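S.K.: Have a look at the structure that comes next, please.
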Amino acid sequence: MTSSPIWRLAPGQRLQHRCWEGECVLYNDLSGDTHLLDEFALAVLQQLAGAPQPVAALAAAFESEGATPEDDAALFDTILADLAALHLIDTLPC
Amino acid sequence: MLTVAALGQPAVAARLRGRGLRLQTGPFITCIRSASPALAAALGRMYADYPVMGEDISADFDVLLRRPRGLRRLVKPQVYFHYDGMEPFQPLPLAQIYPMFEWAMNWCVSSHAHSWLVIHAAVVEKEGAAVILPAPPGSGKSTLCAALVARGWRLLSDELTLVRLDDGRIDPVPRPVSLKNGSIDVIRAWAPHAHLSPPVTDTLKGTVAHMRAPADSVARAREPATPAWIVFPQWRAGAPAEMVPVPQARAHLRLAENAFNYSLLGAAGFASAARLIEQTRTFDFSYGALDDAMAVFEALLAQRR
Amino acid sequence: MRALPLLTRVLRAPESMRTLDAGAWELLLRQAGDADLGATLALLADEHGFLAQLAAPVRRRLGWARTAWERHAQAVRFEVQQVRRALAGTGLPLILLKGTAYVAAGLPAAAGRLFSDIDILVPKTALDEVESRLMQNGWASNHHDAYDQRYYREWMHELPPLQHMRRATVIDVHHAILPETAAVRPDPARLRAAARALPGAPDLQVLAPCDMVLHSAVHLFSEGEYDHGLRDLFDLHRLLCHFGATEPGFWAALPARAAELSLGRPLFYALRYAMRLLGTPVPGASLAAARAGRPPRALLALMDALFDSALRPPHPSCAGAVDPLFKGMLYIRGNWLRMPPLMLSRHLFHKAFITRRATTQV
């Protein structure tokens, strides 16, 4: 696939969560696990819950201070990979 | 209301040997059957104030403590715990029948009572506020619980905190407080008037004894409580009494780790734990002297007034 | 035949739960707890519209069992997704079996059903690739005894169970529904050819209705263990009722398919005991056609006695004096159908003594 993958909230995830002082607990509707996430990871999930989008659109929705676009891309790639490993998000089938 | 004491020991023993003694503990009715005179005597002493029910309401749990049949009876006296035709535990020496009974009662609730989030924790209440004391082994939770109860805190439970899934209040299931090894002597000294069962040695947990629940706690067994604090105790010799707040997200996870059925309850378990964290303040609590600990808990109450 | 136990009577006629008194409910719940059928009772009461009218303590206990089952069903669905993901690269359809199939296909037989392993069917030629992909995705063999490995790979119809290292869930990979060593076995290729895809998931399949029923019958009537005998018979009952009502031509096709797959005997037993114990409404024509699988009269009398005992709830209230003997005979019989006699005695000996000794050395 040559074009950028479209990320989305995994079907079935309702994002039940609570945030306290920068840390969040989140219930995973698919695996039944409870995750400890930071507010940024939760914000990424909420952004994807709003609409499926490629990583570029996702990065544009967040302001970064002083980082280069390459740093941004690397950061988002890492966080998306981690969230996908937890079955919270996946990519739309091509 | 008929209690174990009012029923009288001969009738208690007869029901245990026959169709079962139906004992009410908090929200549960347990049908207990056993031919053991030692168990009958222990129940008569430790559960004197507890209601005994008739056969017109179905029991929640069915506990049978029985000796093996045949020659093994003579060689090595043992007792089995049977539940619905299964044997959840290995058999234990007959001398341990009363502690086994208490462990069996805990098992029944922690394995089945999925209308509550069941936390492995003691819970006591005073002035309308409940403190939950989750209990990894070695934390000193039971000693602390027994000490608080001896100083006027109402006992809701020493092992099983039942958090209602619908409204987050705590339902009591007050039963004798279990004490191990050194804490038996500590509590004997701390509360000379408390009734302790005869210590049983060489159990899997060492030497074990149980402190009878105060009559007032048993009388109020159907009165729920509102949680105000979650306190993770850690006894350390010589440590000053110190409460350190736990960040709430971490507290949620630690609470979940200490709950028997958190994962089984799924989304409802998550919501119940989250509500509990929002309603309460959570602390790590280290202490070395019970007097210091009492003062700290009274200070918590004072802050609320 | 002895009088039916309470649990069997209730499964046969769920409406009868309405009129049970406190003592009968206690007995019923104990029998159901021991047979892993508590959640099934809860769902049956709900389905028949009287759950809310039951006494509060009863409703509460049924609720506990139902909660546990709901979590179980969630876990099964998640496991199926993980297996699907692990095997996506093989290009093979993933055929789900037994309880896993009932949950994935949303069949009535799934309601309240608890089970411990995920069961799938793959071609024998694909076994190595399937095993390798599962192991790359976190599953590992927990049968390290060389004899057990050989038992499964050479003689049985499945890989040794694989357990996921993080989730601890177990998957049984079958390549046939009866072992290599059985005298009579259906060609798995025919079962795979008739399998049907699930809506919206072309790579996920379940057996065709007749085959699903026949597999359940084979599983019950040639397995060695009957602790879940009543539950498995109730599965058969629900499958038969459901397909009988929704699948055109099902009742005529069933005995025909059984003959084609040489499974006439298990089908005969399945229909016989489902009718006798649970009152399954089997049409006369289907019964008549299934008689082709009937055993000789003397054997049938023995089987009636054996299965009458084995298909009772396991709870002590249902046990009779002869039961341990009967269950022992059925265990031997179960394995006999799957393995020739000489190999059987070696297997039982090994299983009973060598495996246990190894455990106590730990």
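No value in this document is a laboratory result; all are computed from the given coordinates. Nothing here was measured: the structure is a model prediction, and the numbers come from that model. Backbone-built Cβ (ideal geometry, glycine too); neighbour counts: all protein chains shown.
S.K.: Against the 2.2 N^0.38 Å scaling, with N counting residues, where does the stretch B:242-305 land? I'd like the Cα-based Rg ratio to two decimal places.
M.R.: Ratio of Cα Rg to 2.2 N^0.38 Å: 1.33.
S.K.: Where in the stretch C:202-284 are there GluC sites (Glu not before Pro) that are in a DSSP coil and have at most 13 other Cβ atoms within 10 angstrom of their Cβ?
M.R.: Here the sparse-neighbourhood loop sites are C:E225.
S.K.: Right, next: Only loop residues by DSSP count here, and only those with at most 16 other Cβ atoms within 10 Å; note down the trypsin sites (Lys or Arg not before Pro) in the stretch B:156-236 that meet that.
M.R.: Hits after loop and neighbour filter: B:R169, B:K205, B:R222, B:R236.
S.K.: How high is the relative contact order of chain C? Use alpha-carbon pairs under 8 Å, at least six apart in sequence, and give a whole percent.
M.R.: Value for chain C: 18 percent.
S.K.: Taking Cα atoms, how many degrees apart are the long axis of helix B:290-304 and the longest axis of chain B, rounded to 10 and kept between 0 and 90?
M.R.: Tilt relative to chain B: about 60 degrees.
S.K.: Still on this structure, please answer the following. Run lengths n ≥ 4 of DSSP H only: what is the helix-derived mean residue ellipticity at 222 nm for chain B, with -39500 (n - 2.57) per run over all residues, to the nearest 500?
M.R.: So the calculated ellipticity at 222 nm is -10000 deg cm²/dmol.
S.K.: Another question, then. Considering only DSSP beta bridges whose two residues both sit in the protein assembly as shown, what percent are antiparallel, to the nearest 5?
M.R.: 75 percent
S.K.: Taking every alpha carbon pair in chain B, what does the distance histogram look like in 10 angstrom bins from 0, in percent?
M.R.: Histogram of Cα-Cα distances, whole percents per bin: 6, 27, 35, 23, 8, 1, 0.
S.K.: Another question, if that's okay. Looking at the square roots a ≥ b ≥ c of the eigenvalues of the Cα gyration tensor of chain C, which shape do they give, rounded for a/c under 1.5, prolate if a/b is larger than b/c, or oblate?
M.R.: Note, shape of chain C comes out rounded.
S.K.: Separate question: Output wanted: per-residue J couplings in Hz (rounded whole) for the stretch C:184-196, from phi through Karplus 6.51 cos²θ - 1.76 cosθ + 1.60, θ = phi - 60°, x for Gly and Pro.
M.R.: Karplus values, whole Hz, x for Gly and Pro: 10, 9, x, 6, x, 4, 5, 5, 5, 5, 8, 5, 10.
S.K.: If you add up the charges near A:V44, with Lys and Arg at +1 and Asp and Glu at -1, over every other residue whose beta carbon is less than 11 angstrom from its beta carbon, what do you get?
M.R.: Local charge sum for A:V44: -3.
S.K.: Further question: With Cβ to Cβ distances under 10 Å as the rule, what net charge do the other residues near B:H195 carry (K, R +1; D, E -1)?
M.R.: +2
S.K.: In sequence order, what are the phi-derived ³J(HN,Hα) couplings for the stretch B:183-194 according to the Karplus relation 6.51 cos²θ - 1.76 cosθ + 1.60 with θ = phi - 60°, rounded to whole Hz, with x for glycine and proline?
M.R.: For the stretch B:183-194, the Karplus-derived couplings read 5, 4, 5, 4, 6, 4, 6, 5, 9, x, 8, 6 Hz, x marking Gly and Pro.
S.K.: Residue by residue through A:17-30, how many Cβ atoms from other chains fall within 10 Å of the Cβ on average?
M.R.: 5
S.K.: Name the trypsin sites (Lys or Arg not before Pro) in the stretch B:64-155 that are in a loop by DSSP and that have at most 12 other C-beta atoms within 10 Å, would you?
M.R.: Here the sparse-neighbourhood loop sites are B:R69.
S.K.: Next question. Mind checking which of A:G12, A:S31, A:P69 is farthest towards the positive end of chain A's charge dipole, using Cβ charges of +1 (Lys, Arg) and -1 (Asp, Glu) about the Cα centre?
M.R.: Projecting each Cα onto the dipole axis, the largest value belongs to A:G12.
S.K.: Could you pull out every residue, at least 5 positions away or on a different chain, whose amide H is within less than 5 Å of the one on C:I95? Hs are placed 1.01 Å off N in the peptide plane, and Pro or chain starts have none.
M.R.: Amide H neighbours of C:I95, under 5 Å, 5+ apart: C:L121, C:Q205.
S.K.: Would you tell me the mean number of C-beta atoms belonging to other protein chains that fall within 10 Å of each C-beta in B:274-283, as a whole number?
M.R.: Counting Cβ atoms of other protein chains within 10 Å of each residue's Cβ and averaging gives 1.
S.K.: While we're on this one: Can I get the semi-axes of the protein assembly as shown's equivalent ellipsoid? Compute them from the C-alpha gyration tensor as square roots of 5 times the eigenvalues, in angstrom, largest first.
M.R.: 47, 39, 24
S.K.: I've got another one for you. Would you mind counting up the charge near C:T67? Only other residues with Cβ under 12 Å from its Cβ, with Lys and Arg at +1 and Asp and Glu at -1.
M.R.: +3
S.K.: Let me have the relative contact order for the stretch A:1-92, percent, based on Cα pairs under 8 Å that are six or more residues apart.
M.R.: Rounded, it is 37 percent for the stretch A:1-92.
S.K.: While we're looking at this one, here's another question. Under the definition of Cα pairs under 8 Å and six or more residues apart, what whole-number percent is the relative contact order of the stretch B:226-291?
M.R.: 65 percent
S.K.: Could you work out, residue by residue across B:264-273, how many beta carbons of other chains sit within 10 Å of that residue's beta carbon, and then give the average as an integer?
M.R.: Mean partner shielding for this stretch: 6.
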